[in-house]
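S.K.: Mind having a look at this structure? Questions to follow.
Here, each number is a calculation from the coordinates, and none is a lab measurement. Please read these numbers as outputs of a predicted model, since none were measured by experiment. Heads up, the Cβs are rebuilt from the backbone with ideal geometry, glycines too, and the neighbour counts pull from every protein chain shown.
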Amino acid sequence: MKKNHVIAGVLAGIALSLGMGATAEAAPAQPDGVTATTLELYSDFDYDTHWLHGGVVRYFTDSSDDLERAQIGDAVSSLKNTTPSAWVVYEHQDRKGAAYCVKAGQQIPDMRAKHNFNDKMSSVKRLSQASCAGQTAW
Ligand SMILES: [Ca+2]
């Protein structure tokens, strides 16, 4: 190989490695059939990096009296509410136990941060309003 070709190859290798290092890996897209606005429940802390840890995420468009049916009962560690509605999250199934309201657009990256609520959530209720008026806010 001529000297020029060697240099070109080395430069191409450097450019390739720089390009790979600068490329942010995209988070997986929502599964087919899921609307753009959902209550997103994650089994790991920090929804933005949760996919690195192999955890699960479940998307809700309406209330659920038993999150175990979606295999995420007593397992939620972070959440995003991208709906225009407030939701109440409950400690137990069938809307029982401790209850806190998550207002429209609210995100909670770590359920340990308040209320000792990590791995506790067992049911959720979607409200007809965006605010948490009349409810105990998160
Ligand atoms: Ca529970």
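S.K.: From the backbone phi of the stretch 95-106, what are the Karplus-calculated ³J(HN,Hα) couplings (6.51 cos²θ - 1.76 cosθ + 1.60, θ = phi - 60°) in whole Hz, Gly and Pro given as x?
M.R.: In residue order, the calculated couplings are 6, 10, x, 4, 9, 9, 9, 10, 6, 3, x, 6 Hz.
S.K.: Right, here's the next one. Within the P(r) computed for the stretch 39-126, what percentage of the Cα pairs occupies the region above 18 Å?
M.R.: Working: 1223 of 3828 pairs.
When all Cα pairs of the stretch 39-126 are counted, 32 percent exceed 18 Å.
S.K.: Okay, next question. Could you give the length gained by full extension between ASP94 and GLN107, i.e. 0.36 nm per residue of separation minus their alpha carbon distance, to one decimal place?
M.R.: Values: separation 13, 0.36 × 13 = 4.68 nm, distance 2.33 nm.
Gain in length upon complete extension: 2.4 nm.
S.K.: Could you work out the percent of alpha carbon pairs in the stretch 98-138 separated by over 12 Å, rounded to a whole number?
M.R.: Within the stretch 98-138, distances greater than 12 Å cover 62 percent of Cα pairs.
S.K.: Go through the stretch 59-70 residue by residue and turn each phi into a ³J(HN,Hα) via Karplus (6.51, -1.76, 1.60, θ = phi - 60°); whole Hz please, and just put x for glycine and proline.
M.R.: Running phi through 6.51 cos²θ - 1.76 cosθ + 1.60 with θ = phi - 60° gives 10, 10, 10, 8, 4, 9, 7, 7, 5, 5, 5, 9 Hz.
S.K.: When the Karplus curve 6.51 cos²θ - 1.76 cosθ + 1.60 is applied with θ = phi - 60°, which whole-Hz ³J(HN,Hα) does each residue of the stretch 40-49 get, with x for Gly and Pro?
M.R.: Using θ = phi - 60°, the values come out as 9, 10, 10, 8, 10, 5, 6, 3, 6, 10 Hz.
S.K.: Taking the simple approach of a point 7 Å from Cα along Cα-to-Cβ for both SER131 and THR61, what is their distance in nm?
M.R.: Label-label distance for SER131 and THR61, simple model: 2.8 nm.
S.K.: List every residue whose amide H lies under 5 Å from the amide H of GLY73, counting only residues 5 or more places away in sequence or on a different chain, with H placed 1.01 Å from N in the peptide plane.
M.R.: GLU68
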